[in-house]
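As C-alpha cells, the structure follows; a few thoughts come after it.
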Amino acid sequence: MASQIVYFAGLSDRDRKATSPLPKLAVGDRLELHVRHEGGREHMLSIPPLAAAAVEALLAHMLRGERVAVLAEDQELSPTEISAVLGISRPLVVLRMDRGDLPFRYVGKHRRALLKDVLALKTRLDTRQAAMDALAEDTEDLIQTHGL
C-alpha cells in the first residue's frame, strides 16, 4: 500500500468561534451531512453511527484548537511520517526499526511501517515516559524530604 503524507488539519480561530460542537448523540440518533453545491443543488448523506462517533471526536479535537490527522490503521508510513506521529527524530525512528522495536518492511529501498504498529510503539514509549516521570518526581521528593 502506498503511503500517504501525514497531513494535519486544524481550524482557524474564526472558524472555531463560528462552529459549535456536535450534541452528544444518543442511541437511535442519526447524523446527516448536507452538502450545498455551487449551483444550488443539495445532497444529503447519512453517516453510520460508528462513523458519527469518529466525526464527533474529530470535530471536538479541532474545536479545542488541536490539529488532527485521519489515517487508516493499516496505512503504511515512512520514517519521516512516523517521526511526526511519535514526536521523535527520523534517525531515532530508523534506530527503533533496526533494534526490532518497530516492525517494518522494505518497499524497494524505503522502509514502511503500519500505523497500528507505530501507535503500539507510541503507547509503550508513553508508558515508559510516565514511569520515568514518576520516578523522577519520587527522587525529587526524597531529596527535598530527606536531604538525600
Notebook entry, point to check: When residue 110 is evaluated against the numbered criteria (1) under 24 Å from residue 123 (Cα atoms); (2) in the same structural domain as residue 129 (by TED's automatic domain parsing), which criterion, by number, is the only one it fails?
Noted result: (1)
Next item on the list: Specify the residue that is nearest to residue 77 (Cα to Cα); the eligible residues are those in segment 103-147 that are assigned to a helix (DSSP H, G or I) and β-branched (Val, Ile, Thr).
Entry: 118
Check: Of all residues in segment 111-129, which are without any contact (Cβ under 8 Å) to a residue 60 or more places away in the chain and either touching a strand residue (DSSP E or B) at 6+ places or on another chain (Cβ under 8 Å) or farther than 25 Å from residue 94 by Cβ (or both)?
Finding: 111, 113, 114, 115, 118
Next item on the list: With respect to residue 50, determine if the residue is at pLDDT below 90 and out of contact with any strand residue (DSSP E or B) (no Cβ under 9 Å at 6 or more places or on another chain).
Entry: yes
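The values are calculated or read from the model by the stated rules, or taken from the named source; none is laboratory data. Here the structure is a predicted model, which means the values were calculated and not measured. With ideal geometry, Cβ positions are generated from the backbone for all residues, glycine too; neighbour counts draw on all protein chains shown.
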